[in-house]
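What follows draws every value from the coordinates through simple rules; no lab data is involved. All figures in this text were calculated on a predicted structure; none of them were measured in a lab. Glycine gets a Cβ as well: all are built from the backbone with ideal geometry, and neighbour counts include every protein chain shown.
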Amino acid sequence: GALVYQYPRRTICKSGTSMRMECQAVGFQATSVAWYRQSPQKTFELIALSTVNSAIKYEQNFTQEKFPISHPNLSFSSMTVLNAYLEDRGLYLCGARAQGNTGQLYFGEGSKLTVL
Amino acid sequence: GEQVEQLPSILRVQEGSSASINCTYENSASNYFPWYKQEPGENPKLIIDIRSNMERKQTQGLIVLLDKKAKRFSLHITDTQPGDSAMYFCAASSPPGTGSNRLTFGKGTKFSLIP
């Protein structure tokens, strides 16, 4: 079956430092990877959508300078939260989507960021 | 883009009864509607989905209905059990051809059983 591995599961970092998280799709080819942040209130914010062989598209309020993403192949993506501050805390989820624009999106386990 | 409204935000029912969560969307060209269940401390897990070429889908005690005319879709949990308690999220896929290929999520429903 389709699985998405995401690590680390949780990170505690000091204000101003950075955190890198990785996402690996197993058992299917992910044509796109979406990075979301889930707030403590449980709402989802789309950070960026990464499609192999296309430019990474960032949503409003999120920039490449703050959340650089690498998506070198169909099974792997990484994102870094640079200079993390309190407002960056939350659960970061990668969602890998199978082929087709109605392909199912499977989430990784999430990377919980706590900023001190 | 797309906007998804999800209601209710909190839902409590007696064990064994059924429960329903409703979502509406704005863009009539949206064509894929998944539902996710998220338990405390866990990631959201896809539990059922429906595509725009269907009106009804059922699996393991879950039923989803899609009314394209009303731009509404719903999740029905039959014979609720303690293991059903969780956050539930609906989502709608951005229309094809927009280049975004992304899901827009509702704000979630916190579902639990009345003791």
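For segment A:24-98, give me every one of the strands (runs of 3 or more DSSP E) that falls completely inside it and has 1 or more residues that are out of contact with any strand residue (DSSP E or B) (no Cβ under 8 Å at 6 or more places or on another chain).
Working: elements: A:32-38, A:44-51, A:69-73, A:76-81, A:90-97.
Of the strands (runs of 3 or more DSSP E) lying wholly inside segment A:24-98, those with at least 1 residues that are out of contact with any strand residue (DSSP E or B) (no Cβ under 8 Å at 6 or more places or on another chain) span A:69-73.
Of the residues A:S70, A:S50, A:S15, A:S54, only one is out of contact with any His (no Cβ under 6 Å at 6 or more places or on another chain), of a type outside the set (A, V, I, L, M, F, W, C), on the phi < 0 side of the Ramachandran plot and in contact (Cβ under 8 Å) with a residue 12 or more places away in the chain; which? I'd like the intermediate steps shown before the answer.
Working: A:S70 fails: in contact (Cβ under 8 Å) with a residue 12 or more places away in the chain; A:S50 fails: out of contact with any His (no Cβ under 6 Å at 6 or more places or on another chain); A:S54 fails: in contact (Cβ under 8 Å) with a residue 12 or more places away in the chain.
After applying the criteria, what remains is A:S15.
Working only within segment A:30-43, note down all residues that are in contact (Cβ under 8 Å) with a residue 12 or more places away in the chain and surrounded by 15 or more Cβ atoms within 10 Å (Cβ to Cβ). Write out each step before concluding.
Taking segment A:30-43 and keeping what is in contact (Cβ under 8 Å) with a residue 12 or more places away in the chain, we get A:30-40.
Passing the criteria: A:A30, A:T31, A:S32, A:V33, A:A34, A:W35, A:Y36, A:R37, A:Q38.
Any residue in segment A:3-12 that is within 18 Å of B:L103 (Cα to Cα) and in contact with a strand residue (DSSP E or B) (Cβ under 8 Å, 6 or more places away or on another chain)?
Within segment A:3-12, the first condition is being within 18 Å of B:L103 (Cα to Cα), and the residues that meet it are A:4.
Next cut, in contact with a strand residue (DSSP E or B) (Cβ under 8 Å, 6 or more places away or on another chain) only: A:4.
Yes, there is a match, as at least one residue in segment A:3-12 is within 18 Å of B:L103 (Cα to Cα) and in contact with a strand residue (DSSP E or B) (Cβ under 8 Å, 6 or more places away or on another chain).
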